[in-house]
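What follows is a single structure, written as structure tokens, with notes after it.
The values are calculated or read from the model by the stated rules, or taken from the named source; none is laboratory data. Just so you know, these numbers come straight off a predicted model, no measurement behind them. Positions of Cβ are backbone-derived with ideal geometry, glycine not excepted, and every protein chain shown enters the neighbour counts. Only protein heavy atoms, including side chains, enter the accessible area calculation; ligands, DNA and RNA are left aside. Shrake-Rupley method; radii C 1.70, N 1.55, O 1.52, S 1.80 Å.
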Amino acid sequence: MNEIINGLIKAIELIVTLDPEVIDITLLTLRISIASILITSLIFIPTGSLIHFHEFRGKRWLINIIQTLFALPTVVVGLLVFLLLSRAGPLGFLGFFFTPTGMVIGQVILIAPIMTGLTISALSGVDKTIRDTIVSLGATEFQAILATIKEARYAILAAVIAGYSRGISEVGAAMMIGGNIRGYTRVLTTAIALETSMGNIEFSLALGIILMSLAFVINIILNRVQQR
Amino acid sequence: MIEVKRLSKRYGEKEILKDVNLTIERGEIFTIIGPTGSGKTTLLRLIDLLDRPTSGDILFNGIDANASSKRRRETRRKMSMLFQKPALFKTGVYENVTYGLKFRGIDRHSIDEKVKHALDTVGLFDYAKRIAPTLSGGEAQRVALARAIVTEPEVLLLDEPTANLDPIATEKIEELIVHINREYRTTIIMATHDRIQGQRLADRIAVMMSGEIVQVGQPHEIFYSPKNREIARFVGVENIVPSVVESNDGGLAVVNIFGSNITVISTLKAGEGVLVCIRPEDIMISRETGKSSVRNVLKVKISKIVPLGPLVRVKTENSLVALITRQAAEDLQLNAGDEVYAKFKATSVHLACG
């Protein structure tokens with residue numbers, strides 16, 4: 001019990017004094033998670049829309065597979081990217097292994113199914129009369145897609161929030177792809193895992209509090225946007 | 001302006017529309033009445049080119065509207081459709097009305113002018129800044145109407161636009177429909193299951209039953225000369241009695257109902273089997289035979305009297321139904337079991353082919 005209270009005090013101290021290492025780790029975490037959510041949104045919201053707006057054989061199956069991949073274990077993603085990016089892998093020549101870029105790639109793969117799947121359900125949730133109205137008002141196919149996405153924007157934002165939360169909180173892929181290199185690829189989650197195993201409970205707790213606060217702040221911001 | 005030719009639509013095994021043929025004239029209010037599930041919505045959706053027919057054509061100003069997707073969109077942009085649900089977009093009232101104009105690439109300045117004019121037309125100019133979900137059902141439907149007319153459509157399609165509204169909101173929408181038709185010469189095609197609404201607004205009416213157009217005509221033709229028993233029942237003819245024409249002397253036919261001969265205006269010849277149709281509001285109830293211009297008098301015994309607001313429904317033992325005013329019923333002091341006279345004019349009776 002004492003340990004936890006001491007940890008909390010130490011944690012607050014580290015945060016308030018703007019400990020340079022804590023700041024570094026936090027900023028890198030933010031950079032990686034924001035980069036991956038932006039990339040994922042740009043690619044996979046349109047992908048989800050494409051799947052939703054087109055009829056093709058095996059569509060039902062594809063959606064089932066995407067939904068199954070919501071539960072994709074982070075270590076499996078780590079392993080996959082490890083095989084691709086490691087020096088001996090097919091993409092080894094890119095030199096992304098043990099770099100923040102590699103970690104972003106891992107997070108994108110991890111978040112992609114959630115973003116795609118939730119985008120599809122967001123669009124399916126748009127009322128049929130709304131969709132008819134859009135077409136009836138003279139929209140071209142492309143205009144109709146944009147208008148439907150606009151109508152589903154709150155639900156799509158929920159997909160972004162879910163994706164971001166999964167990205168910022170995962171540890172398996174970040175550890176395997178980034179390697180937890182101090183000052184280079186060490187993020188909040190990998191730092192917590194390491195510091196805890198080394199017995200630096202206070203430091204771990206401080207990082208944990210920061211991680212939760214980040215998730216909280218981003219959620220508040222996105223919720224604000226959603227309620228407008 | 002719009003010609004519907006041999007239009008059919010089936011979903012799987014189910015045939016929703018069967019060989020529908022219609023011609024709609026520019027500037028008229030054309031209502032399609034019929035029971036729920038008779039195919040009215042399906043027909044409107046096909047005319048608005050939202051769905052494709054299984055077979056048959058839709059000609060818009062003589063041109064095949066389904067010829068290509070480009071033609072479908074171009075034609076669709078000359079029309080607007082108002083659905084049973086207002087289906088407003090999750091945004092402001094003003095923004096809602098802009099959609100159709102934005103799809104057409106209209107410049108900002110004209111959009112502003114047109115949107116304000118359309119909101120003014122439906123009486124919601126002051127609502128421009130409101131958010132759609134804060135509106136009442138009637139207001140929401142008026143915004144949807146503004147959104148539909150802002151593009152100045154040649155044809156306005158209305159699918160049960162007042163089915164979910166209270167009587168006051170309904171009246172407002174009906175006023176607007178007539179106003180839009182008169183002011184902008186917009187051709188209006190409206191589907192409704194409410195036959196009275198159909199009659200109130202229409203220049204012409206089509207009756208739809210089980211996916212078929214069974215009769216088209218002016219309101220008085222539909223309501224006073226229904227073609228068959230089903231149409232007669234749907235348009236409120238409660239007295240339908242099978243009989244045979246006894247004689248016809250220069251358009252004045254005699255038929256026998258309930259043991260009495262009655263005179264009817266008809267061209268049907270002696271010997272033809274007919275259905276004698278009389279609207280309940282066209283039957284008068286009286287204590288004496290009297291001497292009046294009314295040609296047909298039947299002696300009847302009242303079996304049941306049911307008050308219906310300002311009217312009273314009188315049913316006789318031989319199942320004749322009359323609708324008279326409450327005042328008339330009180331003056332006559334009618335009671336079940338009374339023997340009275342039912343009177344109706346020769347012109348109030350319609351003979352449908354039996």
Response to the item:
Taking the range B:243-273 and the residues there that are under 20 Å from B:SER319 (Cα atoms) and not in a strand (DSSP E or B), the one that is farthest from the chain's Cα centre (by Cα) would be B:GLY259
Worksheet, complete the sentence: Checked against (1) surrounded by fewer than 19 Cβ atoms within 10 Å (Cβ to Cβ); (2) free of Cβ contacts under 8 Å to residues at least 40 places away in the same chain; (3) out of contact with any Leu (no Cβ under 8 Å at 6 or more places or on another chain), A:THR99 satisfies every condition except (2)
Practice prompt. Filter the range A:18-68 for residues that are β-branched (Val, Ile, Thr), under 13 Å from the mean Cα position of the chain (by Cα) and over 17 Å from A:LEU118 (Cβ atoms) and give the result.
Written response: A:THR29, A:ILE32, A:ILE34
Worksheet item: So is A:THR119 farther than 27 Å from A:LEU8 by Cβ, within 14 Å of chain B (Cβ to nearest Cβ) and not aliphatic (A, V, I, L, M) or not?
Response: no
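Give the residues of the range B:26-67 that are among the hydroxyl-bearing types (Ser, Thr, Tyr) and farther than 21 Å from B:SER8 by Cβ, sorted by residue number.
Just the residues of the range B:26-67 that are among the hydroxyl-bearing types (Ser, Thr, Tyr), to begin with: B:31, B:36, B:38, B:41-42, B:54-55.
The answer is B:THR31, and nothing else.
Okay, residues lined up against (1) under 27 Å from A:PHE44 (Cα atoms); (2) within 12 Å of chain B (Cβ to nearest Cβ):
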residue: A:SER136; (1), (2): no, yes
residue: A:THR140; (1), (2): yes, yes
residue: A:VAL160; (1), (2): yes, no
residue: A:THR196; (1), (2): no, no
residue: A:GLY199; (1), (2): no, no
residue: A:ALA206; (1), (2): no, no
residue: A:LEU211; (1), (2): yes, no
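Which count do you get for residues in the range B:299-353 that are assigned to a loop (DSSP other than H, G, I, E, B), within 19 Å of B:ILE240 (Cα to Cα) and open to solvent by less than 80 Å² (accessible area, probe 1.4 Å)?
Initial filter on the range B:299-353 (assigned to a loop (DSSP other than H, G, I, E, B)): B:309-310, B:317-320, B:333-338, B:345.
In the following step, the residues that additionally are within 19 Å of B:ILE240 (Cα to Cα) were identified as B:317-320, B:345.
Retained after the next criterion (residues that are open to solvent by less than 80 Å² (accessible area, probe 1.4 Å)): B:318-320.
The total comes to 3.
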Item to complete: Take the residues in the range B:79-106 that are part of a loop (DSSP other than H, G, I, E, B) and in contact with a strand residue (DSSP E or B) (Cβ under 6 Å, 6 or more places away or on another chain), then tell me which one is nearest to the other protein chains (Cβ to nearest Cβ).
Response: B:PHE83
Worksheet item: Is at least one residue of the range B:13-21 open to solvent by less than 60 Å² (accessible area, probe 1.4 Å) and either at the interface with chain A (Cβ under 10 Å from one of its Cβ atoms) or of a type in the set (Phe, Trp, Tyr) (or both)?
Response: no
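Name the single residue that is surrounded by the fewest Cβ atoms within 10 Å (Cβ to Cβ) among those in the range B:57-76 being within 20 Å of A:THR140 (Cα to Cα) and within 28 Å of the chain's Cα centre (by Cα). Give the steps one after another, and end with the answer.
We begin by selecting, within the range B:57-76, every residue within 20 Å of A:THR140 (Cα to Cα); these are B:60, B:64-76.
Retained after the next criterion (residues that are within 28 Å of the chain's Cα centre (by Cα)): B:60, B:64-66, B:72, B:75-76.
Details: B:PHE60: 21, B:ASP64: 14, B:ALA65: 23, B:ASN66: 17, B:ARG72: 17, B:THR75: 25, B:ARG76: 22.
In this case the residue turns out to be B:ASP64.
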Worksheet item: So, of the residues in the range B:154-179 that are in contact with a helix residue (DSSP H, G or I) (Cβ under 8 Å, 6 or more places away or on another chain) and either part of a loop (DSSP other than H, G, I, E, B) or not assigned by TED's automatic domain parsing to the domain that holds B:LYS85 (or both), which turns out to be farthest from A:THR129 (Cα to Cα)?
Response: B:ASP166
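Have a look at B:ILE149, B:ILE111, B:ILE131, B:ILE106 and point out the one that is under 26 Å from B:ILE24 (Cβ atoms) and of a type in the set (A, V, I, L, M, F, W, C).
On the way: B:ILE111 fails: under 26 Å from B:ILE24 (Cβ atoms); B:ILE131 fails: under 26 Å from B:ILE24 (Cβ atoms); B:ILE106 fails: under 26 Å from B:ILE24 (Cβ atoms).
Answer to the check: B:ILE149.
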Discussion item. Being out of contact with any Ser or Thr (no Cβ under 8 Å at 6 or more places or on another chain), within 14 Å of chain A (Cβ to nearest Cβ) and touching a residue at least 60 places away in the same chain (Cβ under 8 Å) is the filter here; which residues of the range B:46-78 pass it?
Written reply: B:ILE47, B:LYS78
Practice prompt. Scan the range A:182-209 residue by residue and report those that are of a type in the set (Val, Ile, Thr) and either farther than 20 Å from A:GLN107 by Cα or surrounded by fewer than 16 Cβ atoms within 10 Å (Cβ to Cβ) (or both).
Written response: A:THR196, A:ILE201, A:ILE209
Worksheet entry | First in the range B:83-100 and in contact (Cβ under 8 Å) with a residue 60 or more places away in the chain, second anywhere and in a loop (DSSP other than H, G, I, E, B), Cβ under 6 Å, 6 or more apart | B:GLN84/B:GLU160; B:GLN84/B:ALA163
Item to complete: From the list B:SER38, B:SER69, pick out the single residue that is of a type in the set (S, T, N, Q) and touching a strand residue (DSSP E or B) at 6+ places or on another chain (Cβ under 6 Å).
Response: B:SER38
Discussion item. Could you tell me how many of the residues in the range B:115-153 are under 20 Å from B:LYS90 (Cα atoms), open to solvent by 20 Å² or more (accessible area, probe 1.4 Å), more than 11 Å from chain A (Cβ to nearest Cβ) and not in a helix (DSSP H, G or I)?
Written reply: 5
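Which one is least open to solvent (accessible area, probe 1.4 Å), of the residues in the range B:77-99 that are hydroxyl-bearing (Ser, Thr, Tyr) and closer than 17 Å to B:PHE125 by Cβ? Give the steps one after another, and end with the answer.
Pass one, the range B:77-99, residues hydroxyl-bearing (Ser, Thr, Tyr): B:80, B:91, B:94, B:98-99.
Among the residues that remain, those that are also closer than 17 Å to B:PHE125 by Cβ are: B:94, B:98.
Working: B:TYR94: 61, B:THR98: 4 Å².
Checking each candidate, the answer is B:THR98.
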Practice prompt. Being assigned to a loop (DSSP other than H, G, I, E, B) and not acidic (Asp, Glu) is the filter here, so list the residues in the range B:30-58 that pass it.
Written response: B:GLY34, B:PRO35, B:THR36, B:GLY37, B:SER38, B:GLY39, B:LEU49, B:LEU50, B:ARG52, B:PRO53, B:THR54
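Give the number of residues within the range A:115-124 that are open to solvent by 20 Å² or more (accessible area, probe 1.4 Å) and in contact with a helix residue (DSSP H, G or I) (Cβ under 6 Å, 6 or more places away or on another chain). Can you show your working first?
Initially, the range A:115-124 is screened for residues open to solvent by 20 Å² or more (accessible area, probe 1.4 Å), giving A:118, A:121, A:124.
With in contact with a helix residue (DSSP H, G or I) (Cβ under 6 Å, 6 or more places away or on another chain) added as a condition, the list becomes A:118.
Residues in the range A:115-124 being open to solvent by 20 Å² or more (accessible area, probe 1.4 Å) and in contact with a helix residue (DSSP H, G or I) (Cβ under 6 Å, 6 or more places away or on another chain): 1 in total.
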Worksheet item: Among B:ILE283, B:ILE265, which is the only one that is open to solvent by less than 20 Å² (accessible area, probe 1.4 Å) and closer than 20 Å to B:HIS220 by Cβ?
Response: B:ILE283
Worksheet item: Can you pull out the residues in the range A:69-91 that are among the hydroxyl-bearing types (Ser, Thr, Tyr) and either under 20 Å from the mean Cα position of the chain (by Cα) or open to solvent by 70 Å² or more (accessible area, probe 1.4 Å) (or both)?
Response: A:THR74
Fill in: Residue within the range B:235-242 that is open to solvent by less than 10 Å² (accessible area, probe 1.4 Å) and part of a helix (DSSP H, G or I) present
no
